[in-house]
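Here is the structure we will look at, set down as structure tokens.
We did not get these values from a lab; they are worked out from the coordinates using the rules stated. Worth saying up front: this structure is predicted, and the values here are computed from it rather than measured. Reconstructed Cβ throughout: ideal geometry from the backbone, glycine too, with neighbour counts over all protein chains shown.
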Amino acid sequence: MSIKVKFWGVRGSIACPSPNHVIYGGNTSCVEINAGDQPFILDAGTGIRSLGLDFLKRGITDSVLFLTHTHWDHINGFPFFAPAFRPGHSFLAMAGHLTELGGVQNVLEGQMANPMFPVPLKAMQARLTFEDFHFGDSFNLTDDIKVVTAPLNHPNGATAYRINHAGRSVCYITDTEHVPGQPDQNVLGLIEGADLVIYDSTYTDDEFPNKVGWGHSTWQEGIRLCRAANVGRLAIFHHDPDHVDLFMEQLENEAHRKWSGAFVARDNMEVILD
């Protein structure tokens, strides 16, 4: 029994299809988790398009989509998720920050409404179910998969997720802004003892002072949190679009020197927790 993680999109803010974003990838946030035989999806950035095509090849007809929040870079791949247009497929979309804004279905419908997009949500022929919860809630996805959530410090709100299965755990912590010198207790409590933490590392500590209020964190803060919480490994994630491959290579080398448990997530990278 294991948890398999695949990164389909690791970039933040906007997709970067350029020769300078080939090694680390240019698709925005989308991560696939397979816990035992159950596949599910974290965020629906542009990476979900390739994930959807892969689902069709693998014959996967149902899954759960967990959204951290609904800023464009985390949902603008959803209209291109091919399995959602197939009869006989079924998907549950969940979010923890939208109850007071009409719910997750309302937001996804709005993204696909005229004049924003020419194909409405109702054109999707799969059986789509939408469910809202409040960040901080915990629930069982199946009998042996528990999901724990926590609020994050981000404009308009965001939700962090911890997935526990068969004695293993992976946490998805994006998008969030830290306060220097004040570790986020919501994050620390969620990630305690986790095997893998995927963390918003949009900036470096040097860049951070000019980005306060933008809702993001740094790879150095990710290491500080993971060390304090006895985490096994850190996936540096949600890369700034201005951080080209050469910059990311230098960042990865520096991060690994600082803590051997840190690595930089790339499009199509797979990690197995067994």
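Assorted remarks:
- Label point 7 Å beyond Cα of Ile272 along Cβ direction - residues of the range 1-20 with amide nitrogen under 20 Å: 1-8
- Separation of the range 235-269 and the range 1-65, taken as the distance between their Cα centroids, equals 18 angstrom.
- Greater than 30 Å apart at Cα, pairs in Lys57/Lys146; Lys211/Lys258; Lys57/Lys258: Lys57/Lys258
- Label separation (Glu100 vs Ala228): 2.7 nm, computed from points 7 Å beyond Cα along the C-beta direction.
- Summed over all non-identical Cα pairs, the Kirkwood treatment of the range 1-53 gives a radius of 11.5 Å.
- Taking all Cα pairs closer than 8 Å and separated by 6 or more residues, the relative contact order of the chain comes to 19 percent.
- Trp72 paired with Ile14, simple spin-label distance in nm, labels 7 Å along Cα-to-beta-carbon: 0.8 nm
- Sorted by Cβ density within 10 Å, fewest first, the residues Met269, Met94: Met269, Met94
- If the Kirkwood radius is taken over C-alpha pairs of the range 1-96, then at 25 °C and 0.890 mPa s the Stokes-Einstein diffusion coefficient equals 182 µm²/s.
- Length-normalised contact order of the range 54-146 in % [C-alpha pairs under 8 Å, at least 6 apart]: 31 percent
- Reference-scaled alpha-carbon Rg (2.2 N^0.38 Å with N residues) for the range 137-221: 1.14
- With each label modelled as a point 7 angstrom along the Cα→C-beta vector, the Met116-Thr129 pair spans 2.5 nm.
- Modelled FRET efficiency - R0 41 Å, Thr61 with Asn210, Cβ distances, 0.05 increments: 0.35
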